[in-house]
Each structure stands twice: as C-alpha cells, then as structure tokens.
Amino acid sequence: MLFEKERGKYGEENFYKEYLEPIIIAVLIALFIRTFIIQAFKIPSSSMEPTLLVGDYLLVNKFLYGIKIPFSEKKLFQLKKPKRGDIVVFIYPKDRSKDFIKRVIGTEGEKVEVIRNKIYINDLVVDDPWGIL
C-alpha cells in the first residue's frame, strides 16, 4: 500500500517534469521574445501603399531602438535612433489598442509641416519618394 502511494506521487512529479515544465518554459521564452526582441505585425490599412500593401506582414526588431522598461519612458540597449525613411511601429496615443505602422519623415528636433500638399522639414521642401498626399 505504501509503495502504491509513492508510485502515484512519483507519476505526478514525472508528468510535471516531462510535460508541463517544458511547455511553461517555452511559453515564457516566447513571451519574452515577443515583448522585448521581435514581433510580427499585419498591415491593417492602405496608408503605406505602394510600398506596403494591406495584409502584408512585418517582423519588427524591437531591440534595435532599445528595450522600453515597462511603466516608464526609459530605454535600455538603444543601438540606434530612428532615421528618415525607417518604418516604425508604435501605439496610437489616442487609442492604445491600435498599433500604427508608419515611415519616419522627421527626426528628433526637426520641424515638419505640410503646406499645399508639399512636405517641409526645417522650412525646406523635401521630395518624399514614398509620400502620397
């Protein structure tokens, strides 16, 4: 009788080690990768046409522009800053449930204006090969 109880207990422990533990570890690794390193996005609208079409998929390297510390504005390991022409994905400030996929046209400290369907950066007209106004 004592032997059967020990065997039953061992069977549950063995089940956990062989099945549940690897699944839990795989889920945690996947969540870490998706949160901090790389994530897939689907193009939801035609705003990036003709270079990106509705339904196209992007793999976004989150590590390149730095890892954002949750609940703060600080970033770690920022390898580079966004430059003109890069495609970036960000959370829409007015509706945090939506992701925006856009191309960078102005960088930090630049003044960007659209006047009569022409783009001005720091008061100079810019010929944007991707822009369609």
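The values are calculated or read from the model by the stated rules, or taken from the named source; none is laboratory data. Everything quoted here is computed from the prediction, not taken from an experiment. Note: ideal-geometry Cβ built from the backbone for every residue, glycine included; neighbour counts use all protein chains shown. Calculation scope for accessible area: heavy atoms of the full protein, side chains included, ligands and nucleic acids excluded. Shrake-Rupley method; radii C 1.70, N 1.55, O 1.52, S 1.80 Å.
Would you please give the residues with an amide H less than 5 Å from that of Phe100, counting only those at least 5 places away or on a separate chain, with H modeled from the backbone geometry?
Phe90, Ile91, Tyr92
Rounded to the nearest 10 Å², what accessible area does Ser45 have for a 1.4 Å probe in the complete protein model?
Approximately 50 Å² for this residue.
Leaving ligands, DNA and RNA out of it, work out the accessible area of Leu58 with a 1.4 Å probe and give it in Å² to the nearest 10.
Per-residue accessible area (Leu58): approximately 40 Å².
By how many degrees, between 0 and 90 and to the nearest 10, does the Cα long axis of helix 2-15 differ from the longest principal axis of the chain?
For 2-15 against the chain, the angle is about 10 degrees.
Scan around Leu64 for amide H atoms under 5 Å from its own, H built in the peptide plane at 1.01 Å from N, and keep only partners 5 or more places away or cross-chain.
Answer set, sorted by chain and number: none.
If you fit an axis through the alpha-carbon atoms of helix 21-36 and take the longest principal axis of the Cα set of the chain, what angle between them do you get, 0 to 90°, nearest 10?
10 degrees
Place a point 7 Å from the Cα of Asp128 along the Cα-to-Cβ direction; which residues of the range 47-69 have their backbone N under 15 Å from it?
Within reach of a label on Asp128, which here means backbone N under 15 Å from a point 7 Å along Cα→Cβ, the range 47-69 contributes 47-52.
As an exercise, use a Förster radius of 25 Å and the Cβ-Cβ distance of Lys74 and Lys102 to find the FRET efficiency, rounded to the nearest 0.05.
0.60
Compare Tyr92, Tyr19 by solvent-accessible area with a 1.4 Å probe and give them largest first, with all protein chains kept in place. Display every interim value, and only then the final one.
Working: Tyr92 70, Tyr19 125 Å².
The residues order as Tyr19, Tyr92, largest area first.
Please state the charge dipole magnitude for the chain, taken about the Cα centre, from unit charges on C-beta atoms (+1 on K and R, -1 on D and E), reported in debye and rounded to the nearest 20. Could you put the intermediate results ahead of the total?
On the way: 22 positive and 18 negative charges, 73 e Å.
Once rounded to the nearest 20, the dipole reads 340 debye.
Between Ile91 and Ser45, what is the label-to-label distance in nm when each label sits 7 Å out along the Cα-to-Cβ direction?
1.9 nm
Can you pull the percent of the range 31-133's accessible area that's carbon plus sulfur, 1.4 Å probe, other chains left in place?
Working: 4700 of 8000 Å².
About 59 percent, which is the carbon plus sulfur part of the accessible surface.
Give me a comma-separated list of calculated 3J(HN,Hα) values for the range 79-92, in order, Karplus coefficients 6.51, -1.76, 1.60 applied at θ = phi - 60°, integers in Hz, x for any Gly or Pro.
7, 7, 9, x, 10, 4, x, 5, 9, 10, 10, 8, 7, 5
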